[in-house]
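Let me begin by presenting the structure, written as structure tokens, before commenting on it.
The values are calculated or read from the model by the stated rules, or taken from the named source; none is laboratory data. This is a predicted model, so every value here is computed, not measured. Cβ atoms come from the backbone with ideal geometry, glycine included; neighbour counts cover every protein chain shown.
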Amino acid sequence: MMARMNQPYAAWVIGLLEIHGNDRVCEVGFGPGVGIQLLAQSANYVAGIDPSLEMLSQAAVRNAQALESGQVDLRIGTADRLPFENNTFDKVLSINSMQMWPDATAGIAEIWRVMKPGATIALGFTAHSGQTRSRLVERLTVAGFVNARVVETEGAFCALAVKR
């Protein structure tokens, strides 16, 4: 049910990121792996992290072929302790998960760390996520991102910014 409900919003957020074939992309809080599946259609390399073994299992089944080929890498973990090297990703996204991170400020700082200079972050939320638009731009700016803004569509919004 979660996969079916979130698929249109995942597609919308991914579209905002303008993924290119050579991009290295990370999804923080991948859930059942719908976003990972969409990303694998256009990105060179897709990594994902989620704290739930259940979600890892569902995402692994949904993305079995891409995992086997090495295009997709799924791991257990949290946003505030990303298991990736500095300056690894061209794009990072999170959909409906930031409000559940143990420490959102630390999570945003960790995302900044693993992003390449010039990389784009997208924090997407549905109307039912419990997340508010307030302070998202400020949080991203304080973390060192530039060109922070919120984009809206029916039933969802997304904060976008660039690592300087």
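The table that follows gives values for the structure above.
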item: Flag if residue 28 is of a type in the set (A, V, I, L, M, F, W, C), in contact with a Cys (Cβ under 8 Å, 6 or more places away or on another chain), closer than 24 Å to residue 86 by Cα and at pLDDT 95 or above; result: no
item: Unmet requirement for residue 39, which otherwise passes all of (1) over 16 Å from residue 115 (Cβ atoms); (2) of a type outside the set (Asp, Glu); (3) without any contact (Cβ under 8 Å) to a residue 60 or more places away in the chain; (4) in a helix (DSSP H, G or I); result: (1)
item: Among (1) more than 21 Å from residue 50 (Cβ to Cβ); (2) among the hydrophobic types (A, V, I, L, M, F, W, C); (3) touching a Cys at 6+ places or on another chain (Cβ under 9 Å), the one test that residue 142 misses; result: (3)
item: Candidates 120, 132 - the one that is under 14 Å from the mean Cα position of the chain (by Cα) and either surrounded by fewer than 18 Cβ atoms within 10 Å (Cβ to Cβ) or of a type in the set (Ser, Thr, Tyr) (or both); result: 120
item: Subset of region 1-60 that is in contact with a helix residue (DSSP H, G or I) (Cβ under 9 Å, 6 or more places away or on another chain) and acidic (Asp, Glu) - its residue that is surrounded by the fewest Cβ atoms within 10 Å (Cβ to Cβ); result: 23
item: Number of the condition not met by residue 150 [criteria: (1) in a strand (DSSP E or B); (2) within 23 Å of residue 43 (Cβ to Cβ)]; result: (2)
item: Flag if residue 68 is in a helix (DSSP H, G or I) and more than 12 Å from the chain's Cα centre (by Cα); result: yes
item: Pairs, first touching a residue at least 12 places away in the same chain (Cβ under 8 Å) in region 60-72, second of a type outside the set (S, T, N, Q) and in a loop (DSSP other than H, G, I, E, B), C-beta under 6 Å, six or more apart; result: 62/33; 63/33
item: Hits in region 111-164 - residues which are among the small types (Gly, Ala, Ser) and in contact (Cβ under 8 Å) with a residue 40 or more places away in the chain; result: 118, 119, 122, 124, 155, 156, 161
item: Qualifying residues in region 105-143 (those that are among the basic types (Lys, Arg) and in a helix (DSSP H, G or I)) - the one modelled with the lowest pLDDT; result: 139
